[in-house]
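*Asks:* Can you keep this structure in mind? I'll have questions shortly.
The values are calculated or read from the model by the stated rules, or taken from the named source; none is laboratory data. Remember, predicted model here, so these are calculated numbers, not experimental data. Ideal geometry is used to build each Cβ from the backbone, glycine not excepted, and the neighbour counts take in all protein chains shown.
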Amino acid sequence: MNPQSVVRDLLSLADVEVNGPKAWDIKIHSEALYGRVLAKGSLGLGEAYMDGWFDCERLDEFFARVVGARLSARLPLSVNFALLVAMSKLQNRQTRQRAREVAKVHYDLPVEVFEATFDRRLTGSCGYWKEARNLDECQNAKLDLICRKIGLRAGQRVLDIGCGWGAFMGFAAERYGAQCSGVTISKEQVEYGRRRYAGLSVDPRLEDYRDCADGPFDHIVSMGMFEHVGPKNYRAYFETARRLLHEEGLFLLHTIWANEPSALDPWINKYIFPNGALPTVGQVGTAVHGLFVVEDVHNFGPDYDKTLMAWNEKFQENRAAVSNLMSRRGEDGERFCRMWEYYLLCCAGGFRSREISVGQFVLSPRGVPNGYRTVR
């Protein structure tokens, strides 16, 4: 069969047509798309979208169906995916040196890109939509939920592993009177956090989590960073957290997880999160053996679908400004914007399919006396 027939037949399994009438059908602008997808898999599909070879009115719905139908498993094994899987098994893709690659590709982008997408605090992880009506409310609700889950009190020292632009530290210092330290491998994030929260007890540092040495902390939190740790470093990560945590403290881990190990995507790996790897619940459980008691596990995966759609809605309102910004930096502004919306919407579809989830683990060094009281 020719490439066009193969791709069309695969898409039909997910109720997707080429040039069809449904919002999730794709509109083809280049017949070369079919061969590109068969040769390069998800990397070819993503790059074809960036290059304008196809469009889709509801890319999120397209991906919800494609991921849910597990079409990637039916494609021929592409060379780039085979190499990525082999590297993940044979190499430590998240060494100290490699860990900084994601900062160069993603986190050190101009802060205006994130301001055009995220909430006012620049909280780059899933919000909590239980009672929230908008981005700012869902992120404040998530930050407050974390503070309540760890029982944060005024004057306590908290470490944020992978502190981002300082959203949690700023919130915890402002609302709870906490003393907050954070580590990140992004110099842009450190500079932003220091500027924004000057005058508060907030200390963002350019430091690999493995090198942190100023414990013990009353509590530790980590939001959206564990996806960058990698299976070969899970044990070292939790050993570091245990070493830095007070005997009576709590560690809250907020992370995406996959239903199956090795949930790798070559396009995401190249353009968004180099060297990333989604854990499974089982991998987290194994990595904490003998170090922590798992007090609570809270899955709110559908909230990330809603968060990503809200991010995309805000981004679309600011799309022209972002395109102009990237063009002034010497990049193809339109191609960057197509990359960014593809990232947001393909991830939304992934969460909608329930192939990936997000949630929080509450961990204690020795178990909470008389049991941990669950907070939702």
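*Asks:* Residue by residue through segment 213-240, note down the ones that are outside any strand (DSSP E or B) and among the small types (G, A, S). Spell out how you get there, then give the answer.
*Replies:* In the first step, residues of segment 213-240 are kept if they are outside any strand (DSSP E or B); the result is 213-216, 224-240.
Within segment 213-240, A213, G215, G224, G230, A236 meet the criteria.
*Asks:* Then there's this: Working only within segment 219-243, note down all residues that are without any contact (Cβ under 8 Å) to a residue 40 or more places away in the chain and charged (D, E, K, R).
*Replies:* Once the filter is applied, which keeps residues that are without any contact (Cβ under 8 Å) to a residue 40 or more places away in the chain and charged (D, E, K, R), segment 219-243 yields only R243.
*Asks:* Given (1) in a helix (DSSP H, G or I); (2) closer than 30 Å to N233 by Cα; (3) at pLDDT 95 or above, identify the lone condition not met by F62.
*Replies:* Of everything listed in (1) in a helix (DSSP H, G or I); (2) closer than 30 Å to N233 by Cα; (3) at pLDDT 95 or above, F62 misses just condition (2).
*Asks:* Answer yes or no as to whether F54 is in contact with a strand residue (DSSP E or B) (Cβ under 8 Å, 6 or more places away or on another chain) and touching a residue at least 60 places away in the same chain (Cβ under 8 Å).
*Replies:* no
*Asks:* While we're on this one: Do you know which residues across segment 112-141 are in contact (Cβ under 8 Å) with a residue 60 or more places away in the chain, buried (at least 20 other Cβ atoms within 10 Å of the Cβ) and in a helix (DSSP H, G or I)?
*Replies:* Those that are in contact (Cβ under 8 Å) with a residue 60 or more places away in the chain, buried (at least 20 other Cβ atoms within 10 Å of the Cβ) and in a helix (DSSP H, G or I): L135, C138.
*Asks:* I'm trying to understand the selection: among the residues of segment 65-105, which are aliphatic (A, V, I, L, M) and at pLDDT 70 or above?
*Replies:* Selection gives V66, V67, A69, L71, A73, L75, A99, V102, A103, V105.
*Asks:* Now for a separate question. Going through segment 197-212 one residue at a time, which ones are in contact (Cβ under 8 Å) with a residue 24 or more places away in the chain and in a loop (DSSP other than H, G, I, E, B)?
*Replies:* Answer for segment 197-212, where residues must be in contact (Cβ under 8 Å) with a residue 24 or more places away in the chain and in a loop (DSSP other than H, G, I, E, B): Y197, L200, S201, E207, D208, C212.
*Asks:* Let me ask you something else. Please enumerate the residues belonging to segment 174-196 that are outside any helix (DSSP H, G or I), under 23 Å from the mean Cα position of the chain (by Cα) and surrounded by fewer than 17 Cβ atoms within 10 Å (Cβ to Cβ). Outline the logic, then answer.
*Replies:* Going through segment 174-196, the residues outside any helix (DSSP H, G or I) turn out to be 177-186.
Checking the rest, the ones that are also under 23 Å from the mean Cα position of the chain (by Cα) come to 180-186.
Those that are outside any helix (DSSP H, G or I), under 23 Å from the mean Cα position of the chain (by Cα) and surrounded by fewer than 17 Cβ atoms within 10 Å (Cβ to Cβ): none in segment 174-196.
*Asks:* Which residues, taken from segment 215-246, are of a type in the set (D, E, K, R) and closer than 19 Å to D296 by Cβ?
*Replies:* Initial filter on segment 215-246 (of a type in the set (D, E, K, R)): 218, 227, 232, 235, 239, 242-243.
The answer is D218, R242.
*Asks:* Right, next: Go over the candidates R133, R153, R175, R98 one by one and state the one that is out of contact with any strand residue (DSSP E or B) (no Cβ under 6 Å at 6 or more places or on another chain) and closer than 29 Å to R329 by Cα.
*Replies:* R98
*Asks:* Among D214, D208, D203, which is the only one that is under 29 Å from L278 (Cβ atoms), surrounded by fewer than 23 Cβ atoms within 10 Å (Cβ to Cβ), charged (D, E, K, R) and touching a strand residue (DSSP E or B) at 6+ places or on another chain (Cβ under 8 Å)?
*Replies:* Criteria check complete, one pass: D208.
*Asks:* Which residues, counting only those in segment 285-319, are of a type in the set (A, V, I, L, M) and either touching an Asp or Glu at 6+ places or on another chain (Cβ under 8 Å) or not in a strand (DSSP E or B) (or both)?
*Replies:* Of everything in segment 285-319, those that are of a type in the set (A, V, I, L, M) and either touching an Asp or Glu at 6+ places or on another chain (Cβ under 8 Å) or not in a strand (DSSP E or B) (or both) turn out to be A287, V288, L291, L308, M309, A310.
*Asks:* Applying the selection to segment 142-151, what residues are under 16 Å from N299 (Cβ atoms) and either touching a Leu at 6+ places or on another chain (Cβ under 8 Å) or surrounded by 22 or more Cβ atoms within 10 Å (Cβ to Cβ) (or both)?
*Replies:* Once the filter is applied, which keeps residues that are under 16 Å from N299 (Cβ atoms) and either touching a Leu at 6+ places or on another chain (Cβ under 8 Å) or surrounded by 22 or more Cβ atoms within 10 Å (Cβ to Cβ) (or both), segment 142-151 yields K142, I146, K149.
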